[in-house]
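Since the structure comes first, as structure tokens, the remarks are kept for the end.
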């Protein structure tokens, strides 16, 4: 594109805007889900100290913790660093995408963490997953009392279902 020239004034304005923009605004803030397998022996000795190290790692990288909780403690499928049991810890956090490599390196250097897996969360699912991790959402379907339910044919469907199961049981008994 040898024939296209940029006006000197426009170039000066653009370069001034690029130099004046804040770096934190330019980088993408993503939400991540990280599942840690922690050393169960160290967690049993000092649960608060071991679990407090995870939010500290995120906050040192200028991230924000959205949810942080114990998930499970169970036997591992195979030994990791001589450990047969692991404590699973689930964390959701917001962090600049450029700082994720630093976060993974900090996890590798932490002796309490046997393994970790970090996934980027789809922005449409963030609220649902974080609420579920915090125990806020209702995971069970709502139960409606029979007198409040809409019975437009629901009873006849239930009755025909019972009749069909009785007929199937009789057919099996006869053969």
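Rule-based calculations on the coordinates, nothing more; no lab input. Here the structure is a predicted model, which is why all the values come from computation and not from measurement. Quick reminder, even Gly has a Cβ in these numbers, built from the backbone with ideal geometry, and neighbours come from all protein chains shown.
Based on the Cβ-Cβ distance of residue 122 and residue 74, what FRET efficiency does E = 1/(1 + (r/R0)^6) give at R0 = 25 Å, to the nearest 0.05?
0.35
Give me the extension gain from residue 83 to residue 46: residue separation times 0.36 nm, minus the current Cα-Cα distance, reported in nm with one decimal.
11.6 nm
Can you tell me, using C-alpha contacts under 8 Å and at least 6 residues apart, the relative contact order of segment 24-144 as a whole percent?
38 percent
Set the Förster radius R0 to 25 Å, insert the Cβ-Cβ distance between residue 30 and residue 56 as r into 1/(1 + (r/R0)^6), and round the FRET efficiency to 0.05.
Computed FRET efficiency for residue 30 and residue 56 comes out at 0.80.
Give me the Å³ per residue figure for the convex hull around the C-alpha atoms of segment 24-134.
In segment 24-134, the Cα convex hull volume per residue is 100 Å³.
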